[in-house]
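None of the figures in this text is laboratory data; all of them are computed from the coordinates on show. This one's a predicted model, so the numbers in the text were calculated from it and none came from an experiment. Note: ideal-geometry Cβ built from the backbone for every residue, glycine included; neighbour counts use all protein chains shown.
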Amino acid sequence: MDGSYCVDGAKGEKQVLTKETSRRKFIQVMGGGIAAIAFSGLSGCAPKQPGSTEVARTIECDVLVVGGGAAGVTAAGAAAGQGKKTILIEKLNALNGSSSLALGTLYGAGTKLQQAAGIEDAPDKLLEYFLSRGGDKLDYEVQKFCADHYGETIDWLSEDLKVPFVETVSLKGKDTVPRGHNLDPAAVVALDAVTELAKKNSVEFHFSTAAKSLVVNESSTVEGIVAQNHEGEYIQYKAKKVIMASGGFCRNAEMIKQYCPDYKGVYTEVGLGCTGEGLTMGLDIGADYIGHGGTNGILACAVSAGQSKLISTKALWIDSSGNRFANEGGQTHDIYYEVAHFPDQSFYAIYDQAMVDALDEKLKHQFDLGLEMGIFAKGNTVAEAAKALNIDGAIVEESLSAYNAMVATGTDNQFGKNSKLLVPIKEAPFYLLTLGVCTHGSFGGYRVNTDFQVLDPKGDPLPNLYAVGEVSCGTFIYDDYPSGGCGLNWSYTSGRFAGKNAAEAIEA
Ligand SMILES: Cc1cc2nc3c(=O)[nH]c(=O)nc-3n(C[C@H](O)[C@H](O)[C@H](O)COP(=O)(O)OP(=O)(O)OC[C@H]3O[C@@H](n4cnc5c(N)ncnc54)[C@H](O)[C@@H]3O)c2cc1C
């Protein structure tokens, strides 16, 4: 009978709850086998059986935030800014979620940065774009909320928090208006700024503390969290409001298989803590899941993190059968999706010596590393290089000749690559570079409303539970990424509003 807890029963008698006891009374926790139950009567109640888990102490607060990424830290700062005692628990020993690793684009319209760059734009135009990118299949109010507030969030970061952005606002996704606001030099500068604000507002950060289960009372109202710290101690956080900000689930192979099967097995670069249990514990108490199987991804190269510049759009790209398969200069997300479905989830770029000679020192170093690792190959002919990677040399020879013949005409009549990218690949020796795909996030999780309250399948809020950031981004993103910058802005915007909403909803 592992996972037993002793609680006061309705008439004051002691009860032992086991895994078999009704889900209404407790929630089984991923991995740990402990049960989350009503707080009443826990103190002084010793576990009855070997293997059961004892809660060592209780910590009370107004707002408890789970997860220290952009969404969680922003939410915590906003809640504390309303004068509420706010604690943020983070299972790692530092703020190392995807938000600290991100490149740093935020998507939004009607910003001061756009105005300064002479770009005419407004939230209603952004709404049209979101609706054209799958948003029409989702809750209209949420799409409108994002279009209305994303620009405001960028202004809040740049004007109020003085977060540095580069002046140029860039074109992203399939959009025709420049709306990509790029943090300078990277996303971490925004995370640092909201962390400063949260500290200034007296948020308590409890690191190395992992949420294990939500605590609900007899009427299914969330009353807090059971968490475990690095010493293995279980702590109850009794809170008036809980904000789940635990990020995505790309590091949980089972959850990817279940919710995003198209991306099964794809390598990931997300934060180490993005393992999905923050979502599972809410689904266990009746939260609704929303997601349509999509993930946020890029093309990747094993010798450098992020989308390496070695993935040159001027190269010819082939699959493992030796055939060209895409417009190398096309939409990254479309190619990412295609490659994720290849049996080896790999593709190969063909370089000639002229291309290698044009690499800068840093890229040349990475290139040499790839050769050393055996993931890049060199040959006097392209067939020889292909053979070294177990690809049919004759087919590769044919693909390259056809490509060069097409380049000579100046028009890609196969996939429509921009003529500026059509460069002959003729100068021996030749090289093949093994490339692949990589996830940067998952598009599925809690269904929330525009107050960021977690909803059940009927659309009713689960009392006292909010969700922000990637763990709820399936509410806003359908299956395809609308544009670079939508992940971070969903996190900062949902955090900003949810923190304030949760604090304001606490009765004085
Ligand atoms: C390399 C990379 C580049 C990217 N670039 C961009 C970009 O330029 N623009 C953009 O819009 N998006 C980008 N993204 C996506 C974007 O970074 C994420 O969507 C966003 O940062 C998610 O923020 P978050 O706060 O929801 O989650 P995270 O930042 O991942 O934070 C979640 C936190 O919760 C913690 N946690 C998880 N479970 C628990 C638990 N049980 N108890 C306690 N803590 C827990 C985790 O350890 C983690 O620290 C990028 C992603 C990656 C990986």
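Please work out if GLU167 is acidic (Asp, Glu), touching a residue at least 24 places away in the same chain (Cβ under 8 Å) and part of a strand (DSSP E or B). Against the criterion (acidic (Asp, Glu), touching a residue at least 24 places away in the same chain (Cβ under 8 Å) and part of a strand (DSSP E or B)), GLU167 qualifies.
Do any strands (runs of 3 or more DSSP E) entirely within the stretch 360-466 hold 2 or more residues that are in contact with a helix residue (DSSP H, G or I) (Cβ under 6 Å, 6 or more places away or on another chain), and if so, which?
The strands (runs of 3 or more DSSP E) meeting that bar are 376-379, 430-446.
Scan the stretch 194-225 for residues that are within 14 Å of the ligand (Cβ to nearest atom) and under 24 Å from the mean Cα position of the chain (by Cα) and the total you get is 14.
Per-residue answers, yes or no, for (1) of a type in the set (A, V, I, L, M, F, W, C); (2) surrounded by fewer than 24 Cβ atoms within 10 Å (Cβ to Cβ); (3) in contact with a Pro (Cβ under 6 Å, 6 or more places away or on another chain); (4) closer than 18 Å to ASP62 by Cβ:
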position	(1), (2), (3), (4)
TYR466	no, no, no, yes
CYS486	yes, no, no, no
GLY499	no, no, no, yes
ALA505	yes, yes, no, yes
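ALA377 - would you say it is in contact with a Pro (Cβ under 9 Å, 6 or more places away or on another chain), free of Cβ contacts under 8 Å to residues at least 60 places away in the same chain and within 11 Å of TYR431 (Cβ to Cβ)? It is false that ALA377 is in contact with a Pro (Cβ under 9 Å, 6 or more places away or on another chain), free of Cβ contacts under 8 Å to residues at least 60 places away in the same chain and within 11 Å of TYR431 (Cβ to Cβ). All of (1) outside any helix (DSSP H, G or I); (2) without any contact (Cβ under 8 Å) to a residue 60 or more places away in the chain hold for LYS174 with one exception: (2). Selection of the stretch 254-311 for residues being under 22 Å from LEU92 (Cα atoms) and away from the ligand (no atom under 13 Å from the Cβ) yields GLU254, ILE256. In the stretch 190-251, counting only strands (runs of 3 or more DSSP E) that sit wholly within it, the ones holding 3 or more residues that are among the small types (Gly, Ala, Ser) span 209-216. Is it the case that ALA287 is farther than 30 Å from TYR403 by Cβ and in contact (Cβ under 8 Å) with a residue 12 or more places away in the chain? So ALA287 fits the description; yes.
Residues of the stretch 467-482 that are touching a helix residue (DSSP H, G or I) at 6+ places or on another chain (Cβ under 8 Å) and part of a loop (DSSP other than H, G, I, E, B): VAL468, PHE476, ILE477, TYR478, ASP480, TYR481, PRO482.
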